[in-house]
Amino acid sequence: MKLITYADLTVGRVFELGSVVVDHDEMLAFNKRFDPQPFHTDEKAGAESILGGMCASGWFTAGLWMRAYVETVLSNAAALGSPGGSDIRWPAPVYPGDKLDMRVEVEAARLSRSRPEMGLVQLTGTSWRGSDLVLSFTFTGMFGVA
């Protein structure tokens, strides 16, 4: 398979990252360790919250997306890291058993002014449960030119 480089990351290109079903035990273990809010760690508290049930931490949802991105794109790319991102949103809760479909889209791309061997690519990552958007964020990826 051809290595993905900056030249392959044209504006509008979409990478389908696959799907994952949210595992209850994996989600709960993450929530307890990293985001122990009651609606993330207790079935009753979740059911009584505005979320209507114990749900995933947004950071867990982002982690699921990142794993799919690494497996589908970064593991076969001239990836050089990322200086960060912005605009992360979790517009709908994610529950155990939900099937999430993930993708990333190229929004903009330019060569680095200070490092011409590197391209800077603005990307939008999303996760969907059916037609419901559950995660959206933008970030910059750095990719080798050749």
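The values are calculated or read from the model by the stated rules, or taken from the named source; none is laboratory data. Here the structure is a predicted model, which is why all the values come from computation and not from measurement. Cβ atoms come from the backbone with ideal geometry, glycine included; neighbour counts cover every protein chain shown. Areas reflect the complete protein model, heavy atoms only, side chains present, ligands, DNA and RNA absent. Shrake-Rupley method; radii C 1.70, N 1.55, O 1.52, S 1.80 Å.
Computed in the context of the full set of protein chains, the accessible area of the range 37-112 at 1.4 Å probe radius has 56% of its extent on carbon or sulfur. Can you give the Kirkwood hydrodynamic radius of the range 78-146 from its Cα pairs, in Å with one decimal? Across the range 78-146, the inverse of the average 1/r is 13.3 Å. Relative to one another, the C-alpha centroids of the range 26-86 and the range 114-144 are positioned 17 Å apart. Charge dipole of the range 1-46 (Cα centre as origin; +1 on each Lys and Arg Cβ, -1 on each Asp and Glu Cβ, all else neutral): 220 debye, rounded to the nearest 20.
Per residue, the accessible area of the chain comes to 54 Å² when a 1.4 Å probe rolls over the protein heavy atoms. Only aspartates and glutamates eight or more places from K32 in sequence, or on another chain, were considered; those with a Cα closer than 15 Å are D23, D42, E43. Shape index of the range 27-146: Rg/Rh, with Rg the Cα radius of gyration and Rh the Kirkwood radius from the inverse mean 1/r over Cα pairs, equals 1.07. Largest accessible area first, the residues W128, W65, W90, W59 order themselves as W59, W90, W128, W65 under a 1.4 Å probe with ligands, DNA and RNA left out.
Considering only F39, L28, L17, the residue lying farthest towards the positive end of the dipole of the range 3-51 is L17, judged by Cα position with unit charges set on Cβ. Could you work out the local net charge near R67, counting Lys and Arg as +1, Asp and Glu as -1, over the other residues with Cβ closer than 13 Å to its Cβ? Once positives and negatives cancel, what remains is -3. Comparing V104, V14, V134 in a Gaussian network model of the chain where C-alpha atoms under 10 Å apart are linked, the largest mean-square fluctuation is found at V14.
Helix-only arithmetic for the chain: the sum of -39500 (n - 2.57) across DSSP H runs with n ≥ 4, divided by the residue total, places the mean residue ellipticity at 222 nm at -7000 deg cm²/dmol.
With only Cα atoms counted, the range 26-68 has Rg and Dmax values of 10.3, 32 Å. The charge dipole of the range 46-128, taken about the Cα centre with unit charges on the Cβ atoms of Lys, Arg (+1) and Asp, Glu (-1), comes to about 280 debye, rounded to the nearest 20. GNM on the chain, alpha-carbon springs under 10 angstrom: the most fluctuating residue among D25, D42, D98 is D25.
Placing +1 on the Cβ of every Lys and Arg and -1 on the Cβ of every Asp and Glu, with no other charges, gives the range 2-144 a dipole of roughly 540 debye about its Cα centre.
When the Gaussian network model of the chain links Cα atoms closer than 10 Å, the mean-square fluctuations of E16, E105, E71 top out at E71.
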